Amino acid sequence: MAESIPVGHGADHADHGDHGHHEMSFTEKYVFPLDHKMIAMQYMFTGMFMAIIGGFFAYVFRMQLAFPGIEVPGFGVVTPAAYNSLVTNHGTIMIFWVAMPVLIAAFGNYLIPLMIGADDMVFPKINRLSYQVFLVSAFVILGAFFVEGGAFGGAWTAYPPLSTKAEYNLSGLGSTMWITAVFLEFVAFLLGGINFITTAMNSRAPGMKMWDIPMVVWMIVIASILFMLSVGPLLAGGIMMIFDQNLGTAFFDPDRGGDPILWQHLFWFFGHPEVYVVLLPAVGIVADVITTFSRKKLFGYKTVLYTAIGTGVLSFTVWAHHQFIAGIDPRMANVFTVTTLLISVPIAEMLFVYIATLYGGSITLTTPMLWALAFIFEFLIGGVTGIFLGASGNDIFMHDTYFVLAHFHYTFYPIAIIGTFAGFTYWFPKMFGKMMNEGLGKLHFWLTILTFNGIFLPLFVLGAAGQHRRIYDFQNYPELAQPWMQDIRQFATICLCVMLGAQLIFFYNVIKSWMSGPASGKNPWRANTLEWTAASPPPHGNWPEGLPNVYRGPYEYSHPDREEDYWPQNEPA
Amino acid sequence: MILDSLLPAAASSYAADIDTLFDVITLLVGIPFLISCYLFFAFILRFKAKEGHKAMYITGTEHKYMKWIHRAHIPILTFDLVIVVMAVQVWYDVKQDLPEMESEVRVIAQQWAWTFVHPGADNVQGTADDITKINELHVSIDKLYHFKLESRDVLHNFSVPVFRLKQDAVPGRVITGWFEPVIAGEFDIQCAEICGIGHGLMPARIHISSASEHAAWVQRESAAALAQTHSPFTGVGTGPANVKPELQLVTR
């Protein structure tokens, strides 16, 4: 990989593309690209395609919950087995095949070289391999729906012995495909993570010091480090699970000396930092968007950075709050309650700093700004409801109710959906060289946000009323079959259908703007960071005329010494 | 206040404590939440872009501004501390402490039914007059029970919402917990841990009756148990928990 060694700026790319000196074939450019921007687009659109599938699953099982037993249009009657595999794969796909590829891989690949002033990633071929492994993993997870026994239906947490024994889960091949797909997906992100960290540390433009790196780049780097540190135990657990399923080992089999709870520790040791792995890139995107549209310097750049690192470190010490009532030593709950509630301190600090950034600003409510502000507000709800569940005494009742479900949708939805829309609408002019339609963008925003709250706010009430998760028909439980509860379920389902329909506006807007939107120019938002100094869309190599120099931090908006309210990082003093 | 308005009853001795904890958390996170929301929306409205007006230049390192962020941590940490103390207290009472029992029931979960083994008239588990019931648990009001929770196959969860009680059943283990019913009535028992395709079909009922009614039920049923020459559930009765029984589907 001699060509991949970061040999400084203007690294020789003769082996892959020659900066437009020769025309690349279609396959070279779009199928097996080495350009970070094209790989980013592959991740972005694969992630969006998987989001459509995950959204369709949600539509099917929410229809079943609202109108039990009906023939769901576009699917048919939902059997208990189908319900379980839809719920399981909705969760798995939305986290591992939507949030991860879009937030880390797509934005990471697109933004890191452009924002640090590099012509590409330092390991373009590893980058390409990363996407290819990811694509294979996507085929494996979806392929499970077409094998005998169907896709795995033991929940996205895959607790053994249900997940390890075909006689219990009735989908032997499907469950092996599920864990294999997850395993491959992790391999893809390990490859990607190597690239993100190395590129951000070694390929920065001359003059760009550590504190001049835009927040979103920092956040993706920290997230990649968290991912790498946490994924090991789960990879080991995944191998144990595949062995238990197919080779008759007994790592998780209590009848033969194994322990099913071991898996829960391995899973959640990864699973909880994973929340912050996807959270941090979204937090970074929001930092860049709110500073641009409030024309303000980010309030306390280092504070944000330190809270992110603090949250990341603490996130390794909270995993057993997922297992309070799983049969662990009850004394452990006391320790994990303390660490869990402590994590509220850096997260609160982060949200306060963002709110403080708005103070004294000059705020324009563009579509990306609306998404970024919605992220702050909705994530705040997700954060405060987490306290209810982190408090061990209350979790005895709340565990595995819809309160938990509503809580983590108030964290993951802002992260994976709202954060993505904030980033996508903000960088769309850079990606495609066209402006998006603001009217359609705002219509899409309001429909999505109102219906999102319409789905999940009522589910807090159902959860507090004792409604448990993963039950395909509540009519079997007299206390959950009361008419007022069914009304709430139908309301949530109708909101979901409207929300899914509203996404057509987004896709229409993307295609329409891409085809015939007004040209954006290099820097339509008058932003400071380096990507806005490249052409829109940037050519292969990003700055064929020569890489930029950096003279200051990324958030020098409304500086008192300047007439203009922004000060690009590359503009000499 | 909030929980007992949504649930049918607070039927265990500790249910009211959990309800109070929920209310206190609601209050303590509600206040900072509402203040944050107020500032958030106030700033957006107050600092909308105006023609010819430039934003302030604040780095966020000035003491003048930073003190507001730091001060906000004092109430947050205080509230966290109150919540931790209360949560740990409730947790200790329900899960860590095991008060002296007055009677003991065995709860055995399997795909997809519950088996409840009640002691007979002798109030001792593992004797011939034990009363074995599928999907019905019979208990007396104001009596402190220990439950011995087992699973025959996968993880299940013994959840009684009116008790605010939840505990995973783990194959290979016998997990002990306790409850004391304080209100008579008939309520749901739900499985709260996904256990396969029949997870949604695992409802059971708890029958809480007065001491005299319950005693009469025990007399009647344990006599019947003694009279029964061959029980179909002998495998459930007394064997060690981790002996793998044949998988028998129980129909209700």
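The values are calculated or read from the model by the stated rules, or taken from the named source; none is laboratory data. Only a predicted model underlies this, so the values are computations on that prediction, with no experimental measurement involved. Neighbour counts run over all protein chains shown; Cβ positions are idealised from the backbone, glycine included. Protein only, heavy atoms only, side chains kept; ligands, DNA and RNA dropped before computing areas. Shrake-Rupley method; radii C 1.70, N 1.55, O 1.52, S 1.80 Å.
Rounded to the nearest Hz, the phi-derived 3J(HN,Hα) couplings of segment B:139-147 under the Karplus curve 6.51 cos²θ - 1.76 cosθ + 1.60 (θ = phi - 60°) are 9, 9, 5, 6, 10, 8, 9, 9, 10, where x marks glycine and proline.
What the Cβ-Cβ distance of A:Leu457 and A:Ser25 gives, at R0 = 41 Å and to the nearest 0.05, is a FRET efficiency of 0.20. Among the helices of chain A, those built from whole DSSP H runs whose Cα atoms reach 24 Å or more along their own axis and whose mean Kyte-Doolittle hydropathy is at least 0.0 are A:36-66, A:124-143, A:172-202, A:215-246, A:260-294, A:367-390, A:438-464, A:483-516.
Ligands, DNA and RNA left out, the 1.4 Å accessible surface of chain A is 69% carbon and sulfur atoms.
Charged side chains reduced to their Cβ positions (Lys and Arg at +1, Asp and Glu at -1) give segment B:69-109 a dipole of some 340 debye around its Cα centre.
Which residues of segment A:529-566 end up with at least 30 Å² less accessible area in the presence of all protein chains than when their chain stands alone, using a 1.4 Å probe? Residues passing the criterion (a loss of at least 30 Å², heavy atoms only) are A:Ser558. The alpha carbon gyration tensor of segment B:3-96 gives principal lengths a ≥ b ≥ c with a/c of 1.5 or higher and a/b no greater than b/c, which makes the shape oblate.
For B:Lys67, a cut-off of 16 angstrom between C-alpha atoms picks up these aspartates and glutamates, skipping any fewer than 8 places away in its own chain: A:Glu349. Based on C-alpha pairs under 8 angstrom that are at least 6 apart in sequence, chain A has a relative contact order of 16 percent. The residues packed around B:Leu144, meaning those with a beta-carbon under 11 Å from its beta-carbon, carry a net charge of -4 if Lys and Arg are +1 and Asp and Glu are -1. Normalising the average separation of contacting C-alpha pairs (under 8 angstrom, six or more residues apart) by the number of residues puts the relative contact order of chain B at 20 percent.
Tell me, which longest segment in chain B has none of the GluC sites (Glu not before Pro) that fall in DSSP loops with at most 11 further Cβ atoms within 10 Å? Value returned for the longest uninterrupted segment is B:101-245. Counted by Cβ distance under 11 Å from A:Leu496, the other residues give a net charge of +2, where Lys and Arg count +1 and Asp and Glu count -1. Residues of segment B:178-203 falling in the label zone of B:Glu100, defined by backbone nitrogen less than 20 Å from a point 7 Å along Cα to beta-carbon, are B:178-182.
A 1.4 Å probe run over the protein assembly as shown, with the rest of the protein chains in place, finds 35 Å² accessible per residue. For A:Lys37, the aspartates and glutamates whose Cα falls under 14 Å of its own Cα, not counting residues fewer than eight places away in the same chain, are A:Glu28, A:Asp119, A:Asp120, A:Glu531. Where does helix B:63-91 land angle-wise versus the long Cα axis of chain B, in degrees 0 to 90, nearest 10? That works out to roughly 10 degrees. Computed from Cα atoms, the angle from the helix B:211-227 axis to the main principal axis of chain B rounds to 50 degrees. For the chain pair B and A, the buried solvent-accessible surface (1.4 Å probe, both sides summed) amounts to about 7900 Å². The lysines whose alpha-carbon is closer than 20 Å to the alpha-carbon of A:Lys209, local same-chain residues fewer than 8 away aside, are A:Lys297, A:Lys302.
Within 10 Å of the Cβ of each residue in A:295-304, the mean number of Cβ atoms contributed by other protein chains is 5.
Measuring nothing but how far apart in sequence close Cα pairs (under 8 Å, 6+ apart) lie, relative to its length, segment A:32-134 scores a relative contact order of 47 percent. Given the options B:Phe40, B:Phe158, B:Phe79, which has the most mean-square fluctuation in a GNM of chain B, springs set between C-alpha atoms less than 10 angstrom apart? Looking only at B:Phe40, B:Phe158, B:Phe79, the biggest GNM fluctuation is shown by B:Phe40. Based on the Stokes-Einstein relation at 4 °C and a viscosity of 1.567 mPa s, and on the Kirkwood radius from alpha carbon pairs, segment B:103-237 is assigned a translational diffusion coefficient of 87 µm²/s. List the residues of segment A:426-470 for which accessible area in the full set of protein chains is at least 40 Å² lower than for the chain on its own; 1.4 Å probe, protein heavy atoms only. Buried by the other chains: A:Ala464, A:His468, A:Arg470. Rounded to the nearest 5, the antiparallel percentage of DSSP beta bridges internal to segment B:103-237 is 70%.
Net charge near A:Leu234, counting Lys/Arg +1 and Asp/Glu -1 over other residues with Cβ under 12 Å of its Cβ? My count for the surroundings of A:Leu234 gives -2.
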